[in-house]
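Okay, so here's the structure we're looking at.
The values are calculated or read from the model by the stated rules, or taken from the named source; none is laboratory data. It should be emphasised that the depicted structure is a prediction, and the values quoted were computed from it without experimental measurement. Note that we place each Cβ from the backbone using ideal geometry, even for glycine, and neighbour counts take in every protein chain shown.
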Amino acid sequence: MNAVDIAPWPFCEPFCDGIAYGEGPRWHGGRLWFTDGLAGRVYSADENGLLAVEAEVERASGLGWLGDGTLVVSALFAAKIYRVDVPTAARCTWWSTTPPRKPCYEVNQPGGSCRPGSTCPVRDRPNSKRKTPA
């Protein structure tokens with residue numbers, strides 16, 4: 001197979017830099033939020049690309065928000081989901097999340113594709129650090 005030269009897109013330029021491995025971008029509250037699993041951080045960026053470290057979560061992967069606006073972050077290979085208090089970055093104790101069907105989130109197991117039985121709905125219990133199957 002021959003290599004194909006692809007011309008760079010003339011209208012593309014970096015939005016922000018200094019990221020080891022960014023993934024899971026979400027627009028929330030007027031900012032672009034994403035995780036950097038290799039750096040163990042959750043970032044948000046304003047429209048100019050100025051980064052803010054919102055939380056430090058080892059192997060941060062998927063992210064989303066509960067109905068009350070609380071940030072939740074899954075940890076790659078740890079089978080944990082952290083509820084993150086953004087102002088203080090306090091964590092309590094999942095994997096990749098899908099948008100919630102109130103009052104549940106769905107989490108899946110590592111490995112790429114979803115398999116029957118590989119997702120588990122999880123109900124948020126606001127007064128508990130523990131998540132229980134729905």
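Within the range 36-55, how many residues turn out to be of a type outside the set (A, V, I, L, M, F, W, C) and exposed (fewer than 15 other Cβ atoms within 10 Å of the Cβ)?
Let us first name the residues in the range 36-55 that are of a type outside the set (A, V, I, L, M, F, W, C), namely 36-37, 40-41, 43-44, 46-49, 54.
From the residues that got through so far, the ones that are exposed (fewer than 15 other Cβ atoms within 10 Å of the Cβ) too are 46-49.
Counting residues in the range 36-55 that are of a type outside the set (A, V, I, L, M, F, W, C) and exposed (fewer than 15 other Cβ atoms within 10 Å of the Cβ) gives 4.
Among the numbered criteria (1) over 14 Å from the mean Cα position of the chain (by Cα); (2) surrounded by 14 or more Cβ atoms within 10 Å (Cβ to Cβ), which one does residue 59 miss?
(1)
Yes or no: residue 33 touching a Lys or Arg at 6+ places or on another chain (Cβ under 6 Å) and modelled with pLDDT of 90 or more?
Against the criterion (touching a Lys or Arg at 6+ places or on another chain (Cβ under 6 Å) and modelled with pLDDT of 90 or more), residue 33 qualifies.
Between residues in the range 12-25 that are surrounded by 10 or more Cβ atoms within 10 Å (Cβ to Cβ) and residues that are assigned to a loop (DSSP other than H, G, I, E, B) and of a type in the set (Lys, Arg), which pairs lie under 7 Å by C-beta distance while being six or more apart or on different chains?
none
Looking only at the range 65-86, which residues are crowded, with 19+ Cβ neighbours inside 10 Å and of a type in the set (Val, Ile, Thr)?
Answer for the range 65-86, where residues must be crowded, with 19+ Cβ neighbours inside 10 Å and of a type in the set (Val, Ile, Thr): 72, 73, 81, 84.
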